[in-house]
Amino acid sequence: MTFCAQHFVFVETSEQSDKLLIKCEDETRHPHCPHGPTLLFYMKDKGPEEGFYACAAYRDRKLCNYLVPVKDLNSKHLNRIYYNLGREYRAIREKFWDETYEKEKHYCLTCNVPLKESDLQPHTEHNLLRSLSENSLKDPTSFLLPIDNAKGNAQYYFDLKALKFFENCLRKLEISKILCIGAPRLHGYLRNHCKDWLHSFLLDLDHRFHYFYDDEEFAWYNMCNNFFFDECQRRKFIRFFKIKSSQRLLLFTDPPFGCRTEPIINTLRGLSKLFNEINLLPHQPLPTFWIFPYFSEQYIQAECSAFEMCDYKINYINHLSYTDNGHKFRKLGSPVRLFTNVPLEMLKLPVREGYKYCARCERYTALENHHCNKCNKCPSKNGATYRHCLNCGICVKPYYVHCVNCQRCTQKEGHNCAEYQTKQTCRTCNKQGHTELKCSLRKV
């Protein structure tokens, strides 16, 4: 997973999300910053004309300080062209892989640049990896230091169990091509373990992958605005997107967890539309795996109701709590889940890792997710065993208590009812900001 946070795209509370809106459509008409088309942000009570254009990739003004109010937009902003670093990265890659004079390959972790023997002198005091093996070079995520800038790129890589689970799903679905968006660990794993039956292409914002993958399998890309930094790479990607009648392609994305769902959905829709146009197919969504926390389910389904959440808990090797080991791991397991428009009954979860088949739901689920006969489903979302509340008429988390005032179960007793209700989603109209008690659709 590659985090590329932006102050306005990446929100921390549902309240912020509800007040600040994003206009994603026709972003190609928006002014550009160095990271592609900007996004238009505006407050819900003021409208787009009072909004501003800001970078779709970064929230730290030190990384990208582009911010233009709509009222100040002019031709200067619209016509500005930025220097493309893609050519430089390609030249570094070509030198790195050229074995005419020097075969040994090294990497400077301090400068994040590949080196040949003749390049080592200025880097002798740096953190150097010497004589990289062929196996290491096949998957650079095995030695590249994950970027950990919380306001820029913060990368987390899937553990081996998750990678094998994804591989098994792809085999079961008979996928022959996969587009990995912001998932370099998966791309590296698949190209090394599944290359005889699966062709993978990586789209990622991390330019370092330029050095190890050629344009036939990698493009420098911003998933928040569906932008390709390099036109040559985009043309190669178009060729990859073309399939034969016997082939099946799946989109796999592991976006920033703080990312608003609107830009990601807009990108997925844009890619699906492009795929259908290239292959002369009727409009149909591409099979998609979207990795995101379970607590973002309502935002994903608000944008695209076809996505359902799979119970499989996804772990990362370099995250302290989103894992199943270490001293800081979560008691209920990782909150990261797989959202997909693929029917869940087609995904087989590994029994040996704590999953079971529910005959009544006709799908696999977690062991602790007990089927509720009243709700007629396995209701748990967070890894706990839910209980049915007769007053609410639904299953709730085991530590919730029923509040007579709010007429629903809440996280704790003694809460501020008025404040609590303004942050809830109404079960009558499915809108946020009130409960059923104050819903305009409520029958008196």
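Pairing each residue of region 89-109 that is more than 15 Å from residue 129 (Cα to Cα) and open to solvent by less than 60 Å² (accessible area, probe 1.4 Å) with any residue that is at pLDDT 95 or above and assigned to a loop (DSSP other than H, G, I, E, B), provided the two are 6+ apart or on different chains, yields C-beta distances under 7 Å for 102/116. If I filter region 252-259 for residues that are within 23 Å of residue 26 (Cα to Cα) and either modelled with pLDDT of 95 or more or charged (D, E, K, R) (or both), do I get at least one hit? Looking through region 252-259, at least one residue is within 23 Å of residue 26 (Cα to Cα) and either modelled with pLDDT of 95 or more or charged (D, E, K, R) (or both). Can you tell me which residue within region 191-205, out of those that are touching a residue at least 24 places away in the same chain (Cβ under 8 Å) and crowded, with 22+ Cβ neighbours inside 10 Å, is nearest to residue 111 (Cα to Cα)? In this case the residue turns out to be 205. Considering region 401-420, the residues that are more than 30 Å from the chain's Cα centre (by Cα) and buried (at least 17 other Cβ atoms within 10 Å of the Cβ) include one that is nearest to residue 438 (Cα to Cα), namely 406.
Annotation: of all residues in region 343-398 being of a type in the set (Phe, Trp, Tyr) and in contact (Cβ under 8 Å) with a residue 24 or more places away in the chain, the one that is least open to solvent (accessible area, probe 1.4 Å) is 355.
The residue list 251, 274 contains one member that is surrounded by fewer than 17 Cβ atoms within 10 Å (Cβ to Cβ), over 22 Å from residue 82 (Cβ atoms) and in contact (Cβ under 8 Å) with a residue 24 or more places away in the chain, which is 274.
Exactly one residue among 318, 325 is over 14 Å from residue 383 (Cα atoms), modelled with pLDDT under 90 and either of a type in the set (Phe, Trp, Tyr) or surrounded by 12 or more Cβ atoms within 10 Å (Cβ to Cβ) (or both), and that residue is 318.
The set of residues from region 328-373 being farther than 21 Å from residue 168 by Cα, modelled with pLDDT of 95 or more and either in a strand (DSSP E or B) or touching a Gly at 6+ places or on another chain (Cβ under 8 Å) (or both) comprises 368, 372. In contact (Cβ under 8 Å) with a residue 40 or more places away in the chain, part of a loop (DSSP other than H, G, I, E, B) and either touching a Ser or Thr at 6+ places or on another chain (Cβ under 8 Å) or acidic (Asp, Glu) (or both), is that true of residue 60? Judged against the criteria, residue 60 is a match.
Candidates 23, 19: the one that is in contact with a helix residue (DSSP H, G or I) (Cβ under 9 Å, 6 or more places away or on another chain), of a type outside the set (A, V, I, L, M, F, W, C) and within 21 Å of residue 265 (Cβ to Cβ) is 23. Which condition number in (1) surrounded by 15 or more Cβ atoms within 10 Å (Cβ to Cβ); (2) at pLDDT 95 or above is the one that residue 432 fails? Residue 432 satisfies all of (1) surrounded by 15 or more Cβ atoms within 10 Å (Cβ to Cβ); (2) at pLDDT 95 or above except (2).
Restricting to region 129-141, name every residue that is among the hydroxyl-bearing types (Ser, Thr, Tyr) and farther than 18 Å from residue 201 by Cα. Passing the criteria: 131, 133, 136.
The values are calculated or read from the model by the stated rules, or taken from the named source; none is laboratory data. Since the model is a prediction, treat every value here as computed from it, not as a measurement. With ideal geometry, Cβ positions are generated from the backbone for all residues, glycine too; neighbour counts draw on all protein chains shown. To get the accessible areas, we keep the full protein, side chains included, count just its heavy atoms, and leave off ligands, DNA and RNA. Shrake-Rupley method; radii C 1.70, N 1.55, O 1.52, S 1.80 Å.
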